[in-house]
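Asks: Got a structure for you, questions after.
The values are calculated or read from the model by the stated rules, or taken from the named source; none is laboratory data. As the structure is a prediction and not an experimental result, all values here were calculated from the model. Note: ideal-geometry Cβ built from the backbone for every residue, glycine included; neighbour counts use all protein chains shown. To get the accessible areas, we keep the full protein, side chains included, count just its heavy atoms, and leave off ligands, DNA and RNA. Shrake-Rupley method; radii C 1.70, N 1.55, O 1.52, S 1.80 Å.
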Amino acid sequence: MPQAQPQFLNTLPHFQYFGEDALLICDLKLLKLIPDLQNWAAGFSAKYFVEAGEELKNLHQFPSHFEKILKVSQNLNPRNMVIVAMGGGSVGDFAGFLASVFKRGVRLIHIPTTWLAALDSSHGGKTALNVRHGKNQVGTFYPAEQTLLVKKILISQPASRAQEAAGELIKIALLSEDKWVSRFEKTLSITPEVLWKYLPPAIHEKLKIVAQDPFEKTNIRQTLNLGHTLGHVLETALKIPHGTAVAHGLKFSVHWSFKRRIMQQPAFTRAMNLIEKKTADPATLLSLRPSSQRFRSLLIHDKKKQAQDQFNFIFIRDFGKPLCALVTLDELLTEAHQQGFIKK
Ligand SMILES: NC(=O)c1ccc[n+]([C@@H]2O[C@H](COP(=O)([O-])OP(=O)(O)OC[C@H]3O[C@@H](n4cnc5c(N)ncnc54)[C@H](O)[C@@H]3O)[C@@H](O)[C@H]2O)c1
């Protein structure tokens, strides 16, 4: 399954770039945030504005969106039609799923507008909707034919968003052996300019991993979940941003890898330096830690569970050398307890 190589642009292309049969699906909030976006969007003959967030991905709301989208796009030629998804990961997941089922599949272009979407969700072709008891339980693999990364849009996000995205960039650095990682290690903090600079190698690394296992049939693509087992629990339990939660998850995985002698001291020191220098440690974490029972139930709901009480956990031997291994729920809980992520 071919994955589109991202294109890096300073500004948005003219709306005519997308052709006459383009349907714009756009985060409504962006109209207020991005100057001139209203004029740009007005150029599209078919457009549909959405409120970003998990509710947009609600499977039960999908038919109602679908009916409205059918109406607004009725004059487009389905054979040439392209859905242009502009927004963060929730808009990308929704519009990607829509493109994969709309008249049995139409073309798709992503324009990610958050750092998380630019670094991660707009590449690799995963689309997703949520059901009541589970996030991302319905979905398809449907890579976009183009992903356009627009500097003017990404840089305009609040600076705090850059720090929140740090976890995902550090994750991909830990999964990489390439030269860019040593340059990245020397930067002092994660700013919007730093994120923009390291988007190309980080995306390249993700696409390299995806190309080896596009449908997640082996453990290779799962290595992109490094830091996410604990990260997802903390994100839900503490209501902290995804990237911040992943940064804690990375520390957890690196520590556990070292304790199990999967990772040696030099790699451990280097990895911890990278994580700690570039992430803020939220003081709230210790006071808000989940109880053992809550931690257990959040883990059990995580879709990465393999059997009744076993999980694929991503350890790491060294930079660029992840290791996927089965661990039991009890082993995970004990380790989380020992590392102070669970309330005593
Ligand atoms: N498909 C994948 O591979 C994949 C990977 C990771 C995450 N995801 C999904 O991505 C979603 C989270 O992504 P997200 O954080 O980008 O979410 P989002 O789309 O929910 O956006 C978060 C918030 O940022 C706002 N926003 C968007 N662009 C902005 C901008 N330029 N400036 C200021 N605010 C802006 C949105 O309106 C929203 O309030 C989750 O649903 C997650 O499941 C998907």
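Asks: Are any residues in segment 91-113 more than 18 Å from residue 21 (Cα to Cα) and touching a residue at least 40 places away in the same chain (Cβ under 8 Å), and if so, which ones? Can you show your working first?
Replies: Step one: of segment 91-113, the residues more than 18 Å from residue 21 (Cα to Cα) are 91-94, 97, 112-113.
Those that are more than 18 Å from residue 21 (Cα to Cα) and touching a residue at least 40 places away in the same chain (Cβ under 8 Å): 91, 93, 94, 97, 112, 113.
Asks: Please go through segment 307-336 and pick out each residue that is assigned to a helix (DSSP H, G or I) and surrounded by 15 or more Cβ atoms within 10 Å (Cβ to Cβ).
Replies: Within segment 307-336, 329, 331, 332, 333, 335, 336 meet the criteria.
Asks: Now for a different question. Just checking, which of 226, 230 is crowded, with 16+ Cβ neighbours inside 10 Å, in contact with a strand residue (DSSP E or B) (Cβ under 7 Å, 6 or more places away or on another chain) and of a type in the set (A, V, I, L, M)?
Replies: Answer to the check: 226.
Asks: Report, by residue number, each residue of segment 209-223 that is over 16 Å from the mean Cα position of the chain (by Cα) and either open to solvent by less than 20 Å² (accessible area, probe 1.4 Å) or free of Cβ contacts under 8 Å to residues at least 60 places away in the same chain (or both).
Replies: Once the filter is applied, which keeps residues that are over 16 Å from the mean Cα position of the chain (by Cα) and either open to solvent by less than 20 Å² (accessible area, probe 1.4 Å) or free of Cβ contacts under 8 Å to residues at least 60 places away in the same chain (or both), segment 209-223 yields 212, 213, 217, 218, 220.
Per-residue answers, yes or no, for (1) under 17 Å from residue 93 (Cβ atoms); (2) open to solvent by 50 Å² or more (accessible area, probe 1.4 Å):
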site	(1), (2)
2	no, yes
5	no, yes
8	no, yes
16	no, yes
28	yes, yes
73	no, no
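Asks: Turning to a different aspect of this structure: Return the total of residues in segment 99-118 being within 22 Å of residue 156 (Cβ to Cβ) and more than 9 Å from the ligand (Cβ to nearest atom).
Replies: Adding up the residues that qualify gives 3.
Asks: Something else: Looking only at segment 151-172, decide whether some residue is among the polar types (S, T, N, Q) and part of a strand (DSSP E or B).
Replies: no
Asks: A further question follows. For residue 267, only one of the following conditions fails: (1) in a loop (DSSP other than H, G, I, E, B); (2) buried (at least 19 other Cβ atoms within 10 Å of the Cβ); (3) modelled with pLDDT of 90 or more. What is its number?
Replies: (1)
Asks: State the number of residues belonging to segment 128-139 that are in contact with a strand residue (DSSP E or B) (Cβ under 8 Å, 6 or more places away or on another chain) and more than 9 Å from the ligand (Cβ to nearest atom).
Replies: 4
Asks: Taking segment 211-233 only, how many residues are more than 21 Å from residue 166 (Cα to Cα) and of a type outside the set (Lys, Arg)?
Replies: So the count comes out to 9.
Asks: Continuing with this model, one more query. Working carefully through the options 45, 73, find the one that is at pLDDT below 95 and either more than 15 Å from the ligand (Cβ to nearest atom) or of a type in the set (A, V, I, L, M) (or both). It would help to see each step written out before you state the result.
Replies: Details: 73 fails: at pLDDT below 95.
Testing whether each residue is at pLDDT below 95 and either more than 15 Å from the ligand (Cβ to nearest atom) or of a type in the set (A, V, I, L, M) (or both) leaves just 45.
Asks: Just a yes or no: is a residue in segment 49-70 crowded, with 16+ Cβ neighbours inside 10 Å, charged (D, E, K, R), under 19 Å from residue 136 (Cβ atoms) and touching a Leu at 6+ places or on another chain (Cβ under 7 Å)?
Replies: yes
Asks: Take residue 99 and tell me if it is touching a Cys at 6+ places or on another chain (Cβ under 7 Å) and surrounded by 14 or more Cβ atoms within 10 Å (Cβ to Cβ).
Replies: On the way: touching a Cys at 6+ places or on another chain (Cβ under 7 Å): no; surrounded by 14 or more Cβ atoms within 10 Å (Cβ to Cβ): yes.
Spelling it out, it is not the case that residue 99 is touching a Cys at 6+ places or on another chain (Cβ under 7 Å) and surrounded by 14 or more Cβ atoms within 10 Å (Cβ to Cβ).
Asks: Please tell me if residue 148 is aliphatic (A, V, I, L, M), modelled with pLDDT under 90 and away from the ligand (no atom under 12 Å from the Cβ).
Replies: Details: aliphatic (A, V, I, L, M): yes; modelled with pLDDT under 90: no; away from the ligand (no atom under 12 Å from the Cβ): yes.
Against the criterion (aliphatic (A, V, I, L, M), modelled with pLDDT under 90 and away from the ligand (no atom under 12 Å from the Cβ)), residue 148 does not qualify.
Asks: Scan 125, 96 and give me the residue that is within 12 Å of the ligand (Cβ to nearest atom) and closer than 23 Å to residue 70 by Cβ.
Replies: Of 125, 96, the one residue that is within 12 Å of the ligand (Cβ to nearest atom) and closer than 23 Å to residue 70 by Cβ is 96.
Asks: Of the residues 187, 191, only one is in contact with a helix residue (DSSP H, G or I) (Cβ under 7 Å, 6 or more places away or on another chain), of a type in the set (S, T, N, Q), open to solvent by 10 Å² or more (accessible area, probe 1.4 Å) and closer than 18 Å to residue 116 by Cα; which?
Replies: Of 187, 191, the one residue that is in contact with a helix residue (DSSP H, G or I) (Cβ under 7 Å, 6 or more places away or on another chain), of a type in the set (S, T, N, Q), open to solvent by 10 Å² or more (accessible area, probe 1.4 Å) and closer than 18 Å to residue 116 by Cα is 191.
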